[in-house]
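Throughout, read-outs are computed from the coordinates displayed, never taken from laboratory work. Source: prediction; values computed, not measured. All Cβ positions, glycine included, derive from the backbone under ideal geometry; neighbour counts span all protein chains shown.
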Amino acid sequence: MASSEVAPGRPRPRPLSPHLQIYRFTVTMVMSILHRITGVGLYVGVLLLAWFLIAASTDAAAFGWFTAFIQSFIGRLVLFGFTWALFNHMLGGIRHFIWDAGYGLEAPTRDQLAWIGAIGGLALTFITFAIGYAVR
């Protein structure tokens, strides 16, 4: 019996799942991956928030270290990334909530919701930073 044949009375082996090279990347796939990545990134943001709270509750020197970091280019970049991750993850969660309710699963609506999450996350981040710099 050849290796590709199945013994009589035995079920055929299930096919293997296709590899990622088979799939065509779609906007919903990319946003799903970004939703997971931003969820992990929010952990880094929580560490940043904890550093801020600890520095604010101790003394001026500790708060000076935090302020020096957050006002540096790298610090502002990290803060921008955290803000984007927060908004992107929030909008992805709303998209999943809509899907869980049974809405927006059709092809055009599904992609539109993904694009709203992608563009909306960036827009909310820029709006937040614009307001933050305007009231400063």
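Here are a few things to note about the model shown:
- Test for residue 75: is it free of Cβ contacts under 8 Å to residues at least 12 places away in the same chain, of a type outside the set (A, V, I, L, M) and surrounded by 12 or more Cβ atoms within 10 Å (Cβ to Cβ): yes
Here's the yes/no breakdown for (1) aromatic (Phe, Trp, Tyr); (2) free of Cβ contacts under 8 Å to residues at least 40 places away in the same chain; (3) out of contact with any strand residue (DSSP E or B) (no Cβ under 6 Å at 6 or more places or on another chain); (4) surrounded by fewer than 12 Cβ atoms within 10 Å (Cβ to Cβ):
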residue	(1), (2), (3), (4)
34	no, no, yes, no
38	no, no, yes, no
41	no, no, yes, no
45	no, no, yes, no
48	no, yes, yes, no
55	no, yes, yes, no
60	no, yes, yes, yes
66	yes, yes, yes, no
69	yes, yes, yes, no
